[in-house]
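Written out below as structure tokens is the structure these notes cover.
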Amino acid sequence: MTSNTDLGGYAALSAKLAPLTEDDDLTLTPADFPAPLADHTSFGGLVIDTSFVRSIDWGGETDLPFEIVDQTFGFDALAEPEGFRRMGLWLMHFLLSGREWAGLELTHPTSRAQYFYARIRPPAPRDHKLKQAAAVSYSEYEYWPTEVWRHPFANAAMARVHRVAKPDRPLFAFGWSRDALKNQFDREKADQIILEATPEGIAAMACVLIDMAHPTLGREEINFEVPGIGFAGTQKRSIEARFWLPNSMAFYCDTLDQLVLPPTASQRQQQTEPDNSA
């Protein structure tokens, strides 16, 4: 399986982006992308693990008889450099397409989520009596490569490169295709990851994925932690999101086809439960 060849309509544009330096720029317009953008586009270059949990504990003084423990849930997204570059281009295509939403159907057999959706959160009129007649459309985006920091959407004190304002930070959410599962919030049965952001947030997300694949400006790991108990980077109601390149802590091998995800909580429980069938 050749996971990087999906989203092949972006191959020529990706080849233009790959050699750019910090001193270069490329203006992207709707005419640069294959049209029209479908509701769902197959993509085998991304694997999503929905079992990520981050635990935070603190107890203050060491002689206290208690410890405060908190957890945040999220997902790990793993791709090879070309996969992230084409995913970033897909997001840019979505932004310039005039659509409200679009989806990637994740076809790699290792992925625990089968869909990645993006939705634009439109700017709402400040006067609730004012009604908008049509969606806003965008004619171009001027892209230039930018250095990637581990927490790329965090406050300026934590990331030297300022990419996005707080209102434009993304919201990531789990989703379930089956209606019966939507109220159970069972992460192991979540087959969708949903990204919602303002147009500026979608553009920033597209750029950071393209930049992540850059040979000198990129980074093997980026994190979008929730405000309050992390370095921020998302909206308050968001789950956390981590993106990984090969030969990193979560993506420990060279290609997606070599990747084996760690067992989920239920799988670990099944491995430790005694076999009483005899």
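The values are calculated or read from the model by the stated rules, or taken from the named source; none is laboratory data. Because the structure is predicted, anything quoted here is derived from the model rather than measured. With ideal geometry, Cβ positions are generated from the backbone for all residues, glycine too; neighbour counts draw on all protein chains shown. Please note that ligands, DNA and RNA were not included when accessible areas were found on the heavy atoms of the full protein model with its side chains. Shrake-Rupley method; radii C 1.70, N 1.55, O 1.52, S 1.80 Å.
Before moving on, here are some points about what is shown:
- Unmet criterion (only one of (1) closer than 12 Å to Asp76 by Cβ; (2) part of a loop (DSSP other than H, G, I, E, B)) for Pro246: (1)
- The strands (runs of 3 or more DSSP E) located wholly in the stretch 38-94 include none with 3 or more residues which are open to solvent by less than 10 Å² (accessible area, probe 1.4 Å), among the small types (Gly, Ala, Ser) and in contact (Cβ under 8 Å) with a residue 60 or more places away in the chain.
- Matching residues in the stretch 202-222 - criterion: being in a strand (DSSP E or B) and surrounded by fewer than 21 Cβ atoms within 10 Å (Cβ to Cβ): Glu221
- For the stretch 170-198, the candidate set comprises residues that are of a type outside the set (A, V, I, L, M), in contact with a strand residue (DSSP E or B) (Cβ under 6 Å, 6 or more places away or on another chain) and at pLDDT 95 or above; within that set, the residue that is surrounded by the fewest Cβ atoms within 10 Å (Cβ to Cβ) is Gly175.
- Yes/no for Ala165 being among the small types (Gly, Ala, Ser), buried (at least 16 other Cβ atoms within 10 Å of the Cβ) and in contact (Cβ under 8 Å) with a residue 12 or more places away in the chain: no
- Meets criteria (touching a helix residue (DSSP H, G or I) at 6+ places or on another chain (Cβ under 8 Å), polar (S, T, N, Q), crowded, with 20+ Cβ neighbours inside 10 Å and under 28 Å from Met249 (Cα atoms)) for Thr110: no
- Checking each residue in the stretch 148-200 for being of a type in the set (A, V, I, L, M) and more than 14 Å from the chain's Cα centre (by Cα) picks out Val148, Ala154, Ala156, Ala157, Met158, Ala159, Val161, Val164, Ala165, Ala180, Leu181, Ala190.
- The stretch 223-241 - residue that is surrounded by 21 or more Cβ atoms within 10 Å (Cβ to Cβ) and charged (D, E, K, R) and, of those, farthest from Leu91 (Cα to Cα): Glu225
- Every residue from the stretch 95-107 that is under 16 Å from the mean Cα position of the chain (by Cα) and open to solvent by less than 60 Å² (accessible area, probe 1.4 Å): Leu95, Ala102, Gly103, Leu104, Leu106
- Checked against (1) closer than 21 Å to Ile48 by Cα; (2) open to solvent by 30 Å² or more (accessible area, probe 1.4 Å), His151 meets all criteria but (2).
- Pick from the stretch 113-130, criterion within 22 Å of Asp39 (Cβ to Cβ), out of contact with any Leu (no Cβ under 6 Å at 6 or more places or on another chain) and open to solvent by 50 Å² or more (accessible area, probe 1.4 Å), ranking: modelled with the lowest pLDDT: Pro122
- Residue within the stretch 253-264 that is assigned to a loop (DSSP other than H, G, I, E, B), exposed (fewer than 12 other Cβ atoms within 10 Å of the Cβ) and at pLDDT below 95 present: yes
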